[in-house]
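Shown next, in structure tokens, is the structure this report addresses.
The values are calculated or read from the model by the stated rules, or taken from the named source; none is laboratory data. Since we're looking at a predicted model, the values are computed, not measured. Here the Cβ positions follow ideal geometry from the backbone for every residue, glycine too, while neighbour counts run over all protein chains shown. These area figures cover heavy atoms from the full protein model, side chains too; ligands, DNA and RNA do not enter into them. Shrake-Rupley method; radii C 1.70, N 1.55, O 1.52, S 1.80 Å.
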Amino acid sequence: MEKLTVEATKENLIAVNEFVETNLEKIDCPMKAMMQINVAVEEIYINIASYAYGDASGQAEILLDTDTPGQVSIVFMDSGTPYDPLAKEDPDITLSAEERGIGGLGIFMVKKSMDDVKYRYEDGKNILTLIKKI
């Protein structure tokens, strides 16, 4: 398992993306899966950077596990405000953008593109796990 710890700022998205891509390339991850993972990673990380700590600062930890054959697991951890992004109801995508309101599509896309998404709050940390079969 590989681990990256960064200050949870939008500027560190580049480092997070490089960390994930480098590790996915090591296992010859298929391009389609890599693109889906990259979109999901960006969505989750930017949400942490934007909302987890409010006006304060804090860290984000990203753990990437490629040890299980045919599967990638990415865990995001932060010590910010407890928040379960999976608790919110999925947006009604049959409505127009105006009728739907703002927010919710990013997490919806993550849930649709990953094979499993899990959340837990433990030891003062938000822990979100993405699992993608490759």
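Here the condition is being among the polar types (S, T, N, Q) and either open to solvent by 70 Å² or more (accessible area, probe 1.4 Å) or closer than 26 Å to P69 by Cβ (or both); of N38, N12, N47, it holds for N38 alone. Taking the criterion of being crowded, with 17+ Cβ neighbours inside 10 Å, aromatic (F, W, Y) and closer than 21 Å to D115 by Cβ, would at least one residue in the range 74-92 satisfy it? Yes, some residue in the range 74-92 is crowded, with 17+ Cβ neighbours inside 10 Å, aromatic (F, W, Y) and closer than 21 Å to D115 by Cβ.
Residues in the range 15-35 that are assigned to a loop (DSSP other than H, G, I, E, B) and open to solvent by less than 30 Å² (accessible area, probe 1.4 Å): 1 in all. Annotation: T22 fulfils all but one of (1) within 22 Å of Y119 (Cβ to Cβ); (2) of a type in the set (S, T, Y); (3) over 14 Å from the mean Cα position of the chain (by Cα); the unmet one is (1). Scanning the range 119-134 for residues that are touching a residue at least 12 places away in the same chain (Cβ under 8 Å) and surrounded by fewer than 16 Cβ atoms within 10 Å (Cβ to Cβ) yields Y119, Y121, G124, K125, K133.
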